[in-house]
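> Once you've had a glance at the structure underneath, I'll fire off some questions.
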Amino acid sequence: MSAELFEKKHDFLVCIDSDGCVFDNMELKHKECFCPATVNVWNLQSVSRYAREAADFVNLYSTTRGVNRYPGIIRTLKLLADRKEAKERGFVCPDLSSLERWIETTPALSISALEKTCEENGHSDPILEQTLAWSKEVDRNVAHIVRGAAHFPHVEEALKAFGEYADIVIVSATPKEAIVREWEEHDLLKYVSYVCGQEDGSKAACIKNADGGRYEKDHILMIGDAPGDFRAAEDNGVLFYPIIPNQETGSWLKAVLQTAGQLKAETYKGKAMEEAMAAFNKALLTEPEWTKTGETRLA
């Protein structure tokens, strides 16, 4: 994606994540689509209860919330392998070194890039093949199950408020087809100048390309619900506004009533952003509850 693919109409740029930020679909996707595929393809039936808890921690409740699926599955499997109950049931983490090497070297953490690598090596790497099968099953589950997920209250109001003076670009790790389908389903795509999905590279790269040197750094705001969204903003030296997990409605209302005006007035920085980030960081776990209590948390 290059900046030339959309026309700059305003002096401000607002980049917005999609899953779990605009749409209340993170729990639906991970609990009903990702986790069943993880248990099935990675043969975790004997430890499914603990696999679900590890996956939920990694993808929903911790500081790695919103992580790309490929680093996410590595962390999930390793976290599961370290758990006492899983060890007692004979679970051993597979050798994921080839997947780790692919993550380090691939130009994009996408299913199309993984499929290309598998084809180039003659489908000879069992872990990459298993990862590809898992990724495809996740996408099939998403296409089959995820529909009708609501956007959070006040999202459209916020898009209108920011859109009065800013260009709006979606910056998401979700495949572009799914992003467009969900935004069109709720008639929200009309507020957007461009859609950046998984195929366009990292979120940091998408923000950089959307900027293209056309906006002042303090005129660019990334809105997201995960630490990775903040890091993408930080990597580009731009502002960040968090949609706090389990406080999404209040976060979007604040964006409408306060943050949209602050950004336009160039006052959303310093203390204003620090206070928002403090509340965001407080909402995310740094370690699983079972490592602190030795007990399983029922979710």
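> Can you report the number of residues in region 35-49 which are surrounded by 22 or more Cβ atoms within 10 Å (Cβ to Cβ) and under 24 Å from Leu284 (Cβ atoms)?
Going through region 35-49 one residue at a time, the tally reaches 2.
Okay, residues lined up against (1) outside the structural domain of Met222 (by TED's automatic domain parsing); (2) within 28 Å of Val192 (Cα to Cα):
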residue: Lys9; (1), (2): no, yes
residue: Cys15; (1), (2): no, yes
residue: Gly20; (1), (2): no, yes
residue: Leu79; (1), (2): yes, no
residue: Val92; (1), (2): yes, no
residue: Ser98; (1), (2): yes, no
residue: Trp102; (1), (2): yes, no
residue: Ala113; (1), (2): yes, yes
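> Anything in region 84-119 that is touching a helix residue (DSSP H, G or I) at 6+ places or on another chain (Cβ under 6 Å) and part of a loop (DSSP other than H, G, I, E, B)? List them, or say none.
Arg89, Phe91, Cys93, Leu96, Thr106, Leu109, Ser110
> Taking region 128-147, which residues are charged (D, E, K, R) and assigned to a helix (DSSP H, G or I)?
Glu129, Lys136, Glu137, Asp139, Arg140
> Also: Considering only region 145-169, how many residues are modelled with pLDDT of 95 or more and either in contact with a Gly (Cβ under 7 Å, 6 or more places away or on another chain) or on the phi > 0 side of the Ramachandran plot (or both)?
So the count comes out to 1.
> Any residue that is in a strand (DSSP E or B), modelled with pLDDT of 95 or more and not β-branched (Val, Ile, Thr) - is there at least one of those in region 3-10?
No.
> A further question on this structure: Kindly indicate whether Thr267 is surrounded by fewer than 16 Cβ atoms within 10 Å (Cβ to Cβ) and in contact with a His (Cβ under 7 Å, 6 or more places away or on another chain). Steps first, please.
Values: surrounded by fewer than 16 Cβ atoms within 10 Å (Cβ to Cβ): yes; in contact with a His (Cβ under 7 Å, 6 or more places away or on another chain): no.
Here the answer is no, as Thr267 does not meet what is asked.
> While we're on this one: Quickly run through region 148-180 and pick out the residues that are in a loop (DSSP other than H, G, I, E, B) and of a type outside the set (Ser, Thr, Tyr).
Residues satisfying the conditions are Gly148, Ala149, Ala150, Phe152, Pro153, His154, Glu164, Ala173, Pro175.
> Given the criterion basic (Lys, Arg), buried (at least 20 other Cβ atoms within 10 Å of the Cβ) and either in contact with a helix residue (DSSP H, G or I) (Cβ under 8 Å, 6 or more places away or on another chain) or assigned by TED's automatic domain parsing to the domain that holds Cys33 (or both), identify the matching residue among Lys203, Lys160.
Just one listed residue meets the conditions, Lys203.
The values are calculated or read from the model by the stated rules, or taken from the named source; none is laboratory data. Being a predicted model, the structure only gives us computed values, none of them experimental. Please note: Cβ atoms are built from the backbone with ideal geometry, for glycine as well, and neighbour counts cover all protein chains shown.
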